[in-house]
Every structure is written in C-alpha cells, then in structure tokens.
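Take a look at the structure set out below.
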Amino acid sequence: MGCRRRRHSHRLSGDDLGFVVVTHRFHPLNGQRLEVLFVKRRGAESVFVCAGGVVGVQVTMPWSWTDRGEPPRPNRLSIEGLADLLAATRAIQGC
C-alpha cells in the first residue's frame, strides 16, 4: 500500500505561516484575522489558503487583499469621493 502524498507537500508540518488580516474594503471578512494554512500560486499571483472563514471552511485570499499586500494607492477614489462626484454631476445636469 504505500503512503499517500499530501496535495500541498511544499509546506512542512512544522511551518507556521502566521495570520493575515483581510484588508479588501468590500470583502465580507474585511478586518478579520485568518490563520494561513498554506500559500499557492494562482496564475501570476500568490494566494493564501486560510482557516477561519464562515463556519470554519477554508478561504482562498489573494495576497493583495491582505495586510501583506501593498497598501491602497492614495489616488484611488473613495466611496465618499464617488458620492461627491455623483452629486456634482447631478448638480451640473440640473437633476
């Protein structure tokens, strides 16, 4: 019979990958701390596979949606900025 090979054998059992905090502003888990089980490649980007999602299921989280990704660029529009833009556009159109 032989040993079954683990699907994600690149992670050693003693590895501690720590935790990440979800920083994507529109993600339902925004602000929550998740334990990293392992990291894998998905296309050109690395993703975290984490424990602690809804009802304890595994959650795959892009690197850039966590506190380990790059911080948001300051020139991005905020929700408030978009609301102000909508109000200004409506005022110009006479709505």
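The values are calculated or read from the model by the stated rules, or taken from the named source; none is laboratory data. Model, not experiment: these values are computed from the prediction. Surface accessibility is based on the protein's heavy atoms, side chains included, excluding ligands, DNA and RNA. Shrake-Rupley method; radii C 1.70, N 1.55, O 1.52, S 1.80 Å.
Assorted remarks:
- The number of residues in the range 60-95 that are at pLDDT 90 or above, among the charged types (D, E, K, R) and within 14 Å of Arg25 (Cα to Cα) comes to 1.
- So Gly53, is it of a type outside the set (Asp, Glu) and either open to solvent by 40 Å² or more (accessible area, probe 1.4 Å) or modelled with pLDDT under 90 (or both): yes
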